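Read-outs throughout are calculated quantities, based only on the coordinates presented, and are distinct from any laboratory measurement. Bear in mind that the values here come from a model prediction, so they are computed numbers and not experimental data. Counting neighbours? That spans all protein chains shown, and the Cβs are built from the backbone with ideal geometry, glycine included.
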Amino acid sequence: MAFKRTIMGVVNRFERQGFETKEDAAIWADETLRQAILMNGKAKNVTVQEYYEAWSKKNISTGRWAKDSERTYGFIFRTYILPRYKNIRLIDINHQEFQNYLNWLATVERPNGLIGYSSSTLHTVHNMFSVLINDAVQNEIVAVNKIKRMQIPSGQHKRNIEISKGNYDKAIALARVMLSPLELGAFYLSLYGLRHSEILGMQFESVHQDHVFVKMTRTKAVSEGQEKTKTDLSRRVVPISLKTANILAAAMQYSKKVCESTQHECSPNSFIFVNDFGNPAGYGWINKCFQRISKKLGFYIYPHLMRHAFATFAMPGADDQKDVSNILGHKNLEMTMAYDTGTKEGQRKVINFLDL
């Protein structure tokens, strides 16, 4: 394989033989180009765009990024980071200038007429840019990540991530009245902190009398499903109550009837949550269930809000906070409790405490 690339105005030729597959050759080409950019005599002049292109190709070719990660990183960089920083050298990125940019994003008039981006969006912009610069630090392109610690402004359109116990209980009561057995099954899985994609990826064979096994996900980018979760810790066993087991049993029975009436095969590895035509439910299917409840409740709820609620309400009653982290498949607590593994008994106590 041979190719040429211009790096810092200099044409470089790369060549190597003996690859067994095209995939091996592509991985070598991406890594060679990346290293050439990094180790070039003028590597200190690498721009944000040049580094991003090499860095993203490496993450994609090595499988470090799933399809959703590739799409999300691409969107954030193309929309918020590259338009401002693409021609800026990595070594010229500084704390105060980036803080000014975040402050500007929090108050800028957007094309749709709204003022400012949410603090959640600003956190994502900061975190993803910081991940890239951390990689540059590791490769000795820059000495330190100058934007590692930033003050994230309160965005004008901050998404609500809090719900009172009163509204939480009312939402559950309304769901039991308003939703079909299938929809109620999905709703109850959200109460256990399962992610949107994890609920859609739930298969018949993953539901048991006292637990569900989270191993499959269905996302916007991979609607057909994949045996890959957000992180390694996200592949997990989540204990459930007898009440929830019965709700899921009713949901599965409902799903089977829909599949039979629409002449769709229903096997142990089939997805439980389907639309009226017997096809795996789309990403907006769960949102519509929550929207109906929100309208009646007079308070906006959505699937990920219940994940926050689980963490909020479970923490005070947990003997070990790591048990809550294990149920959520979360990394946040792991970072501060690296030597605390939690217990299955503790996880069961959390579920019993919440009376789900």
Exercise. Which of the peptides 21-27, 139-145 is most tightly packed, and how do the rest follow, judged by the mean count of other Cβ atoms within 10 Å per residue?
Worked result: 139-145, 21-27
Seminar exercise, completed: Magnitude of the Cβ-charge dipole (Lys and Arg +1, Asp and Glu -1) of region 165-354 about the Cα centre, nearest 20 debye, reported as 560 debye
Problem set entry | q = 0.11, 0.16, 0.27 Å⁻¹: log10 I(q)/I(0) that the Debye formula gives for region 184-253, counting C-alpha atoms only | -0.23, -0.49, -1.31
Problem set entry | Local electrostatic count, Phe213, Cβ distance below 9 Å [Lys/Arg +1, Asp/Glu -1] | +2
Problem set entry | Calculated over region 165-354: convex hull of Cα atoms, volume per residue (Å³) | 112 Å³
Problem set entry | Overall form of region 218-302 per C-alpha gyration tensor (a/c, 1.5; a/b vs b/c) | rounded
Exercise. Under the Kirkwood approximation applied to all pairs of distinct alpha-carbon atoms, what is the hydrodynamic radius of region 118-273 in Å?
Worked result: 18.5 Å
Problem set entry | For region 63-205, the fraction of alpha-carbon pairs in successive 10 Å shells from zero, as % | 9, 28, 26, 22, 11, 3
For this session: Would you work out if region 240-284 is rounded, prolate or oblate? Take a ≥ b ≥ c from the square roots of the eigenvalues of the alpha-carbon gyration tensor; rounded if a/c is under 1.5, else prolate when a/b is larger than b/c, oblate otherwise.
Result: prolate
Seminar exercise, completed: Any aspartates and glutamates whose Cα falls less than 17 Å from that of Lys220, other than same-chain ones fewer than 8 residues away, would be Asp68, Glu70, Glu198
